[in-house]
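The values are calculated or read from the model by the stated rules, or taken from the named source; none is laboratory data. Since the structure is predicted, the reported quantities are computational estimates derived from the model, not experimental observations. Cβ atoms come from the backbone with ideal geometry, glycine included; neighbour counts cover every protein chain shown.
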Ligand code: FAD
């Protein structure tokens, strides 16, 4: 079997690993248009904060890791088009300009996304940056120690914007986050959680200008400010983290695309072209909790999808559908650890799913534990009001309680209810938790029990 993979990030990497593991003698080639294989944007903050010192260490894999296992990796090779009838791809060697043709039995598209520029005046001024990939990592790193950069504006209060804001605040810059939504991280966390976090940003020197639509950038050659509906914020540097564009323009007319350019896939992650599959940020996966398709731009999603596709690659008709994802994710910011899975108020409303929520606040350990960092812990459970099926959850604390979110993700996937979670057999040990484990207590609270 001859497989061509487009893109050498999480989706492409996992696809190659799975094929080489599962199908003896398979011929696998990854074509990657970038010159560096395979920068790990998830680790960019670690590099910017000097927790990893060499930029080239922040990667998923080196080409030789795949080559050792019998695969081929061709960087600086852009796939321009494919012919589904002839089962051929046309590739441009970006180093030499040469055009090549290669053939496949199966083609896996993992071409991902690119940060989207804002469609406002002066978006092409100097010092307007994005936070994705190795080249931007190097440019951002340079600015952290540049004394001329005093005021940094981050546009977008999602995970990436928050990571950027923390990095620049820790480097001593005046940082402002601007977002059109009303709560920082409001697409990931419900208001009870964002109300706890908002003052933390302010205490750490990050101004929040929320509910503000960007009008344009100010400056002659280089950006000097960001104009939004309520005024202008001074900026020597701007990080735009406000959405992405799928890398799919080359696929127009070759496979069916969604309205916003993502690759349309069926429940087996097959595109509209025969023997062509798609994974990763460039598709809209099924959300387990809503049973609807929505963007979930996570490395974990790309890897799950790649594993599924490859497992079924040789079957004419797979019997088992891709079960979907929950967008389980975590973040540390200014000493707080947060994690979420499944539906929150924002994603439920966008997917038109009715949810009921319950916010639970407690201390980590029994109240008699006074001297050992007995910090507050917060859990939000979202569930179906009638069936009590758990549909989503969030956890937050200065202590690291993020592993609880993986339990909740399993609970959602297996269809557990509040009643199940309220009595689940979790451990107690006062060095770790309360007489009931935190998720037992959060579920009991959601059932209206007060103890
Ligand atoms: P991408 O990573 O977008 O890569 C696509 C690749 O395809 C690129 O290398 C591109 O050059 C190549 N390509 C595109 N078109 C072509 C073509 N025509 N020919 C050849 N090559 C092509 N996710 C997590 O799960 N956890 C995290 O902690 C996390 N942190 C993140 C932090 C940051 C700052 C960012 C930006 C993202 C983070 N993510 C995280 C998200 C994660 O990085 C993405 O979900 C993941 O990279 C998606 O992988 P992918 O394979 O779909 O595509």
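Can you tell which of 383, 359, 368 is closer than 26 Å to residue 435 by Cα and at pLDDT below 95? On inspection, the qualifying residue turns out to be 368.
Considering each residue of segment 98-130, count those that are on the phi > 0 side of the Ramachandran plot and away from the ligand (no atom under 15 Å from the Cβ), and give that number.
Taking segment 98-130 as the starting set, the residues that turn out to be on the phi > 0 side of the Ramachandran plot are 112, 122, 127.
From what is left, the residues that are away from the ligand (no atom under 15 Å from the Cβ) are 122, 127.
Residues meeting the conditions: 2.
The one condition from (1) at pLDDT 95 or above; (2) within 26 Å of residue 383 (Cα to Cα); (3) within 14 Å of the ligand (Cβ to nearest atom); (4) assigned to a loop (DSSP other than H, G, I, E, B) that residue 265 does not meet is (2). Search segment 104-123 for residues being over 26 Å from the mean Cα position of the chain (by Cα) and either surrounded by 14 or more Cβ atoms within 10 Å (Cβ to Cβ) or without any contact (Cβ under 8 Å) to a residue 24 or more places away in the chain (or both), and hand back the single one that is nearest to residue 160 (Cα to Cα). Going through the qualifying residues, I end up with 122. Restricting attention to segment 134-143, does a residue exist that is under 23 Å from residue 333 (Cβ atoms), modelled with pLDDT of 95 or more, surrounded by 21 or more Cβ atoms within 10 Å (Cβ to Cβ) and away from the ligand (no atom under 15 Å from the Cβ)? No.
Among residues of segment 268-293 being part of a loop (DSSP other than H, G, I, E, B) and under 23 Å from residue 347 (Cα atoms), the one that is nearest to the ligand (Cβ to nearest atom) is 279.
Going by what's in this entry, would residue 267 be described as surrounded by fewer than 19 Cβ atoms within 10 Å (Cβ to Cβ) and either without any contact (Cβ under 8 Å) to a residue 40 or more places away in the chain or within 23 Å of residue 173 (Cα to Cα) (or both)? Considered against the rule, which asks whether it is surrounded by fewer than 19 Cβ atoms within 10 Å (Cβ to Cβ) and either without any contact (Cβ under 8 Å) to a residue 40 or more places away in the chain or within 23 Å of residue 173 (Cα to Cα) (or both), residue 267 comes out as no.
Restricted to segment 77-89, and to residues there that are more than 14 Å from the ligand (Cβ to nearest atom) and touching a strand residue (DSSP E or B) at 6+ places or on another chain (Cβ under 9 Å), the residue that is farthest from residue 11 (Cα to Cα) is 86. Restricting attention to segment 183-203, the residues that are in contact with a helix residue (DSSP H, G or I) (Cβ under 9 Å, 6 or more places away or on another chain) and farther than 15 Å from residue 161 by Cα add up to 2.
Counting only residues that are closer than 30 Å to residue 218 by Cβ and away from the ligand (no atom under 15 Å from the Cβ), segment 232-259 holds 7 of them. Consider segment 299-311 and keep the residues that are surrounded by 19 or more Cβ atoms within 10 Å (Cβ to Cβ) and away from the ligand (no atom under 13 Å from the Cβ). The one that is nearest to residue 15 (Cα to Cα) is 310.
Only residues that are in a loop (DSSP other than H, G, I, E, B) and surrounded by fewer than 22 Cβ atoms within 10 Å (Cβ to Cβ) were counted across segment 225-261, and they come to 13.
Might you let me know whether segment 79-88 holds any residue that is surrounded by 19 or more Cβ atoms within 10 Å (Cβ to Cβ) and part of a strand (DSSP E or B)? Yes, because at least one residue in segment 79-88 is surrounded by 19 or more Cβ atoms within 10 Å (Cβ to Cβ) and part of a strand (DSSP E or B). Filtering 147, 142, 182 for residues that are under 25 Å from residue 206 (Cα atoms), assigned to a loop (DSSP other than H, G, I, E, B) and out of contact with any strand residue (DSSP E or B) (no Cβ under 9 Å at 6 or more places or on another chain) leaves a single hit, 147.
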